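As structure tokens, the structure follows; a few thoughts come after it.
The values are calculated or read from the model by the stated rules, or taken from the named source; none is laboratory data. Not measured: the values here are computed from a predicted model. Here the Cβ is made from the backbone with ideal geometry for all residues, glycine too, and neighbour counts use every protein chain on show.
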Amino acid sequence: MLRQIIYINETNHIIEILPSKIINPNERLIIPFQGEGGKNTIETSYIPPLESGSVIKYNFLKCYTIKPNGLGFGRGEGPAGIQNYEWIKISERFYEFTYRLTEEEYNKAENCN
């Protein structure tokens, strides 16, 4: 089972999406993954690399903590929920997922402590 996660920074801010994974303004980060999975894989079978409780940092000053929504692992808000990604089926067991980081999320961020 293969997947490729693409994070697109549509803001004017430097974003740290995962520890040591930086996306400059108006650029993208591509993260390939390979793992085990069933024969009948569909887009909702995949779990994004971010989960509830993850922190997205903007300009190393503002932080946005992804809140749980009670729907379970891989079904959180923002980039923690696979349902929030655009997806393309590349082949039978290979999907590409794209998440766009926007000013709306930046506006939800608070000063980091």
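For this structure, a couple of remarks:
- Arg93 passes every criterion in (1) more than 29 Å from Asn113 (Cα to Cα); (2) loosely packed, with under 15 Cβ neighbours inside 10 Å; (3) at pLDDT below 85 apart from (2).
- For the stretch 61-88, taking the residues that are charged (D, E, K, R) and modelled with pLDDT of 90 or more, the one that is farthest from Asn12 (Cα to Cα) is identified as Glu86.
- If you go through the stretch 4-21 and keep only what is outside any strand (DSSP E or B) and among the charged types (D, E, K, R), you end up with just Glu10.
- Within the stretch 19-42, tally of residues that are modelled with pLDDT under 80 and surrounded by 15 or more Cβ atoms within 10 Å (Cβ to Cβ): 1
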